[in-house]
C-alpha cells in the first residue's frame with residue numbers, strides 16, 4: 001500500500017533565546033543617528049554583509065529607566081557604542097536594546113579600580129567631541145564630593161523656593177559680568193565683617209529713600225572730590241563738634257561757640273562758589289531668563305481609550321502577505337516597509 005506523504009506546511013518561527021551584543025551604526029560622518037522615537041540601528045558581530053551604516057538593521061527601541069508621555073529619561077546610544085540586544089519573548093523581529101557596554105577600546109570615564117567609589121555621568125559634545133558635561137559623585141569616606149561641569153551654559157528654573165546651606169566657606173568666581181534681579185525685597189545679614197573692593201566705578205541708584213545707620217564711626221575718604229547735593233535741605237548735625245577744614249583754614253563749631261581761623265577772612269567780598277561734578281549713576285543691565293522646558297504631559301492610560309480594530313492577515317495557507325485579500329493588511333505594510341531583501 002502506498003500513501004502520498006506531504007511534510008507539514010506550518011514551520012515554527014525561529015526563536016533567539018538570550019542576548020547578543022552589537023555596535024550602533026549610522027550614516028557616514030554622523031555621530032548620533034536616531035528616529036523620533038529614540039530608536040537606533042545596529043550591526044551584529046556575526047553580520048558580514050552590512051556596511052555599518054544606516055541600513056544595517058531595522059530600528060531598535062532603547063530601554064530607559066523611565067519613559068512617560070513627554071517626560072522621563074532620554075539617553076541615545078551613539079554610533080560606535082557596543083550595546084546589549086535582547087529579543088522580546090525570543091522573537092527575532094522584536095529586538096530591543098537593554099544597555100550599553102564598555103570594552104577595551106571604550107573605557108570608563110575614570111581609571112578603575114582607583115576611582116571605584118565614583119558614580120559618574122559624563123557626556124561628549126557632538127559633533128567633534130571637544131567638550132563634555134559631567135555629574136560626578138564621590139563616595140570615598142572622608143572625601144565625599146559632588147562635582148558638576150557644564151561645557152557651555154547652565155540654566156536653572158525653580159518654580160517656588162530655593163534653600164542653600166553651606167556649612168563652611170563659599171567661593172564664587174565669575175569671569176565675565178554678573179547680573180541679579182529681585183522682583184521683591186532682598187535681605188542680607190552679615191554676622192562678621194564685610195569686605196568689598198571695587199577696582200573701577202561704583203554706581204548706586206535708589207528710587208526712594210536711603211537709610212544708613214552706623215553704631216560707631218562713619219569714615220569716608222575721596223582722593224579728589226566729595227560732592228553732596230540736595231534739592232531742598234542739607235542738614236549736618238553733631239552732638240559735640242563740627243569742623244570744616246581746607247588747607248590752613250577751618251571753621252569749628254562746638255558748645256563754646258563758632259571759631260573761624262585762616263590767613264584771611266572775607267565776608268561779602270565777591271567770588272563764586274565751586275561747583276561739584278554731580279552724580280550720574282549708570283543703571284544695571286537686564287537679567288536674562290533661564291531656559292524653561294515645561295513639565296511633561298501626564299501619562300495617558302491608552303488601554304482604556306477606544307481604538308480602531310485591526311484585522312488579522314488573511315493570506316492563503318500557502319501564500320504570502322502579498323496575497324492577502326484585505327485592502328489594508330498590516331503584515332503587507334510591514335513587509336513593504338523593509339524594502340527588497
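The values are calculated or read from the model by the stated rules, or taken from the named source; none is laboratory data. Everything numeric in this text was worked out from a predicted model, so none of it was measured. Every residue, glycine among them, receives a Cβ derived from its backbone with ideal geometry; neighbour counts consider all protein chains shown.
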- Message: over 12 Å from the mean Cα position of the chain (by Cα) and in contact (Cβ under 8 Å) with a residue 40 or more places away in the chain: which single residue out of 142, 129 fits that description?
- Response: 129
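So that you can scan it fast, the table gives a plain yes or no per residue for (1) under 60 Å from the mean Cα position of the chain (by Cα); (2) at pLDDT below 95; (3) surrounded by 10 or more Cβ atoms within 10 Å (Cβ to Cβ):
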position: 242; (1), (2), (3): yes, no, yes
position: 250; (1), (2), (3): no, yes, yes
position: 261; (1), (2), (3): no, yes, yes
position: 267; (1), (2), (3): no, yes, no
- Note on the structure: In the range 131-156, anything within 22 Å of residue 100 (Cα to Cα) and part of a loop (DSSP other than H, G, I, E, B) is listed as 131, 132, 133
- Subset of the range 1-54, residues surrounded by 10 or more Cβ atoms within 10 Å (Cβ to Cβ), in contact (Cβ under 8 Å) with a residue 60 or more places away in the chain and over 37 Å from the mean Cα position of the chain (by Cα), comes to 15, 16
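For (1) exposed (fewer than 12 other Cβ atoms within 10 Å of the Cβ); (2) assigned by TED's automatic domain parsing to the domain that holds residue 16; (3) outside any strand (DSSP E or B), each residue gets a yes or a no:
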{"position": "86", "(1), (2), (3)": "no, yes, no"}
{"position": "89", "(1), (2), (3)": "yes, yes, yes"}
{"position": "92", "(1), (2), (3)": "yes, yes, yes"}
{"position": "97", "(1), (2), (3)": "no, yes, no"}
{"position": "100", "(1), (2), (3)": "no, yes, no"}
{"position": "103", "(1), (2), (3)": "yes, yes, yes"}
{"position": "112", "(1), (2), (3)": "yes, no, yes"}
{"position": "115", "(1), (2), (3)": "no, no, yes"}
{"position": "125", "(1), (2), (3)": "no, no, yes"}
- Message: Quick check on my filter: what residues within the range 269-285 are within 60 Å of the chain's Cα centre (by Cα) and either free of Cβ contacts under 8 Å to residues at least 12 places away in the same chain or closer than 30 Å to residue 178 by Cα (or both)?
- Response: 273, 274, 275, 277, 278, 279, 280, 281, 282, 283, 284, 285
- Message: Tell me whether the range 63-82 contains one or more residues that are out of contact with any strand residue (DSSP E or B) (no Cβ under 7 Å at 6 or more places or on another chain), part of a loop (DSSP other than H, G, I, E, B), farther than 24 Å from residue 126 by Cβ and not assigned by TED's automatic domain parsing to the domain that holds residue 128.
- Response: yes
